[in-house]
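For reference, the structure discussed in these notes is given below.
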Amino acid sequence: QVQLVESGGGWVQAGGSLRLSCTASGVTLAMGWFRRPPGKEREFVAAISWSGSTTKYADSVKGRFTIARNNDQKMVWLHMNSLKLEDTAVYYCAAGGSVNIATAEGQYNNWGQGTQVTVSS
């Protein structure tokens, strides 16, 4: 069981930037970021294949967020730019069961505890 720990969340004004980090305790395959906005279900944000050659984004963050990874460091990042009020959520890092990217929660079997991101006007 791989342990995942997120960091980097916090408060930011709309239009600002944050970088979330996810540190894994072991080797991981495809990785993803999900988020749970207040009062809503958890939703897909971004995913990256094991090699890092393939990425996928939710339409709501495309062009603003970038997912990246370094397998030697066992880390995954989510660079978030041009943040909007609707980006406010608890963000979760997840490790998938395949080398290929996935967007469904059921395709991920290890989850971090989450980190809060709050965007204010």
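Apply the Karplus curve 6.51 cos²θ - 1.76 cosθ + 1.60, θ = phi - 60°, to the phi angles in region 100-105 and return the couplings in whole Hz, x for Gly and Pro.
Rounded to whole hertz, the list is 8, 5, 9, 10, 8, 4.
On a straight-distance basis, which lysines could pair with Lys84 in a cross-link, Cα separation under 23 angstrom, same-chain partners fewer than 8 positions away excluded?
List returned: Lys40, Lys56, Lys62.
Given a 1.4 angstrom probe, what's the average accessible area per residue across region 1-72, in square angstrom?
Value for region 1-72: 52 Å² per residue.
Tell me, what HN-Hα J-couplings in whole Hz come from the Karplus equation 6.51 cos²θ - 1.76 cosθ + 1.60 at θ = phi - 60° for each residue of region 19-33, using x for Gly and Pro?
10, 8, 10, 9, 10, 9, 7, x, 5, 10, 9, 5, 10, x, 10
With just the Cα atoms of region 5-47, tell me how far they stretch along each of the three principal axes, in Å, largest first.
35, 22, 15
Find how many whole Å separate the alpha carbon centroid of region 8-36 from the alpha carbon centroid of region 69-119.
First find each Cα centre; the distance between them is then 5 Å.
For Thr55 and Ala68, calculate 0.36 nm times their separation in residues minus their Cα-Cα distance, and state this gained length in nm to one decimal.
Separation in residues times 0.36 nm, less the Cα-Cα distance, equals 3.8 nm.
The values are calculated or read from the model by the stated rules, or taken from the named source; none is laboratory data. Being a predicted model, the structure only gives us computed values, none of them experimental. Remember, those area values only see protein heavy atoms, side chains included, never the ligands or the DNA or RNA. Shrake-Rupley method; radii C 1.70, N 1.55, O 1.52, S 1.80 Å.
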